[in-house]
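K.L.:
This is the structure I have questions about; it appears just below.
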Amino acid sequence: MSFIDHLEALRWHIIRAAIAVVVFSTGAFFSKEFLFHDLILGPSRPDFWTYRMFCRLGQSIGAPDLCIDKIGFVIQNREMSGQLTMHISTSFIVGLVLGFPYLFWELWRFVKPGLYPQEQENSRGAVFFVSALFLTGLLFGYYIAAPLSINFLAAYNVDPTIENQIDLQSYLSTLTTMSLSCALVFELPMIVFFLAKAGLITSEIMTVYRKHAIVIILIVAAIITPPEITSQIIVTIPIVLLYELSIHIARRVRRDATKKLNAELAANQGVSE
């Protein structure tokens, strides 16, 4: 294919991906009650699933302070067209999130023909694992990281006479930042997998720099969470576990590559004899 033909193929992949996002965004736009009352504003109410689970956990271990039965803020809209603009932008974000597996699949369909057969074999299942990790991270951010951040920021005050009246844009920004940040961070195993396949990283390097990586993880957790140690620990633990899983993945890639190389050398020696 010529360069123009590649551009034409890419254009149709982009068009199909855009249509998918528009379809999901339209569905989200017309599901306004579920989208905002149940999904977006869920973490702002004490009956949210996460808060109820923490209450049960607190009751079972005798720690009533874990129970969150009050959210100390009121969400307000301060612009004339604020709610309409928020409705449209939120629908688009939801459309992107729901369409992410299809978006990545279209990207993979464009890239795959340019790979060698061995590279295609090594990348088998990439769409599934990338999508699964993205959705897992998104759920972790939505149900764990974001509610803890929202609850901490809502409960924090410098003086009891100050009432928290949170702007709708600020609330949504906190929710989406926490959720999408976790979704992207959870892609670490797949990133390490491809880097290990390309020979750019090894399990030995990751093991040597484990302490440095933990420091970086703590910094990332501090950035995407409020300045409160509990939230940072809850976010740090799964990222550290993902790092350890990535070391295992890099080691497995190295072992498979060594085994394949030994088999090829044995086959070549047999032919020469």
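K.L.:
Return the Rg/Rh ratio of the range 1-86 with Cα-based radii and a Kirkwood Rh. Numbers along the way, then the final one.
P.N.:
Numbers: Rg = 22.1 Å, Rh = 17.2 Å.
Looking at the range 1-86, the ratio lands at 1.28.
K.L.:
Sticking with this one: Among all helices in the chain defined by DSSP H, which have a length of 30 Å or more along the axis from Cα atoms plus a Kyte-Doolittle mean of at least -0.5?
P.N.:
Going by DSSP H runs, the hits are 3-29, 229-272.
K.L.:
Which of the peptides 192-204, 55-67 is most tightly packed, and how do the rest follow, judged by the mean count of other Cβ atoms within 10 Å per residue? It would help to have the intermediate numbers written out before the result.
P.N.:
Values: 192-204: 16.5, 55-67: 11.8.
Ranked by mean Cβ neighbours within 10 Å, highest first: 192-204, 55-67.
K.L.:
When the C-alpha atoms of the range 107-215 are aligned to their principal axes, what extent does each axis show, in angstrom, from largest down?
P.N.:
Over the range 107-215, Cα extents along the principal axes are 66, 36, 17 Å.
K.L.:
Taking the chain as a Gaussian network, where each spring joins two C-alpha atoms under 10 Å apart, which residue of GLY27, GLY95, GLY114 fluctuates the most?
P.N.:
The residue with the greatest mean-square fluctuation here is GLY114.
K.L.:
Sticking with this structure for a sec: Suppose a student asked you for the relative contact order of the chain, using Cα pairs under 8 Å spaced at least 6 residues apart; what percent would you report? Write out the running numbers ahead of the final one.
P.N.:
Working: 241 pairs, mean separation 53.2, N = 273.
Computed over the chain, the figure is 20 percent.
K.L.:
Now for a different question. In the chain, carbon and sulfur make up what percent of the accessible area (probe 1.4 Å)?
P.N.:
Details: 11360 of 16850 Å².
Answer for the chain: carbon and sulfur cover 67 percent of the accessible area.
K.L.:
If I take every Cα pair under 8 Å that is 6 or more residues apart in the range 125-273, average their sequence separation and divide by the length, what percent do I get for the relative contact order?
P.N.:
Numbers: 116 pairs, mean separation 45.0, N = 149.
Relative contact order of the range 125-273: 30 percent.
K.L.:
Which whole number of Å³ per residue matches the convex hull of the alpha-carbon atoms in the range 76-129?
P.N.:
Roughly 92 Å³ of hull volume per residue.
K.L.:
Right, here's the next one. Could you pull out the GluC sites (Glu not before Pro) across the range 48-136 that fall in loop regions by DSSP (anything but H, G, I, E, B) with no more than 12 other Cβ atoms inside 10 Å?
P.N.:
Values: sites: GLU79, GLU106, GLU119, GLU121; in loops: GLU79.
Answer in residue order: GLU79.
K.L.:
Placing +1 on the Cβ of each Lys and Arg and -1 on the Cβ of each Asp and Glu in the chain, which of SER149, LEU195, ASN77 has its Cα farthest towards the positive end of the resulting dipole?
P.N.:
Sorting the options by dipole projection puts first LEU195.
K.L.:
From zero up to wherever the largest Cα-Cα distance of the range 106-166 sits, split into 5 Å bins and tell me the percent of pairs in each.
P.N.:
Going out from 0 Å in 5 Å bins, the range 106-166 shows 3, 14, 14, 12, 9, 9, 8, 8, 7, 6, 5, 3, 2, 0 percent.
K.L.:
Return the inverse of the average 1/r over all pairs of distinct C-alpha atoms in the chain, which is the Kirkwood hydrodynamic radius, in Å to one decimal. Let's see the in-between values first.
P.N.:
Numbers: mean 1/r = 0.0457 Å⁻¹.
Hydrodynamic radius (Kirkwood, Cα pairs) of the chain is 21.9 Å.
K.L.:
Ok, one more. Taking the chain as a Gaussian network, Cα atoms linked when under 10 Å apart, which of LEU84, LEU107, LEU180 shows the biggest mean-square fluctuation?
P.N.:
Per the Cα network of the chain with a 10 Å cutoff, LEU84 tops the list.
K.L.:
What FRET efficiency do you get for LEU245 and ILE219 if R0 is 22 Å and r is their Cβ-Cβ distance, rounded to the nearest 0.05? Before the final figure, lay out the partial values.
P.N.:
Values: r = 20 Å, r/R0 = 0.92.
The computed FRET efficiency comes out at 0.60.
K.L.:
If the limit is 18 Å between Cα atoms, which of LYS197/LYS259; LYS112/LYS259; LYS211/LYS259 go over it?
P.N.:
Details: LYS197/LYS259 14 Å; LYS112/LYS259 25 Å; LYS211/LYS259 30 Å.
Checking Cα-Cα distances, LYS112/LYS259; LYS211/LYS259 exceed 18 Å.
K.L.:
Also: In vacuo Debye scattering of the range 1-159, one point per C-alpha: log10 I(q)/I(0) at q = 0.12, 0.13, 0.14, 0.16 Å⁻¹?
P.N.:
Here the Debye-derived log intensity ratios amount to -0.75, -0.82, -0.90, -1.03.
K.L.:
Between VAL208 and GLN76, how many nm apart are label points set 7 Å from Cα along the C-beta direction?
P.N.:
So the two model labels end up 5.7 nm from each other.
K.L.:
OK, next. Compute the FRET efficiency between LEU107 and THR26 as 1/(1 + (r/R0)^6), taking r as their Cβ-Cβ distance and R0 = 25 Å, and round to the nearest 0.05. Don't jump to the answer; show the numbers that get you there.
P.N.:
Values: r = 22 Å, r/R0 = 0.89.
About 0.65, to the nearest 0.05.
K.L.:
In a Gaussian network model over the chain where Cα atoms closer than 10 Å are linked, find which of ASN262, ASN157, ASN77 has the largest mean-square fluctuation.
P.N.:
Residue with maximal mean-square fluctuation among ASN262, ASN157, ASN77: ASN262.
The values are calculated or read from the model by the stated rules, or taken from the named source; none is laboratory data. Quantities reported herein were computed from a predicted structural model and do not represent experimental measurements. Positions of Cβ are backbone-derived with ideal geometry, glycine not excepted, and every protein chain shown enters the neighbour counts. Areas reflect the complete protein model, heavy atoms only, side chains present, ligands, DNA and RNA absent. Shrake-Rupley method; radii C 1.70, N 1.55, O 1.52, S 1.80 Å.
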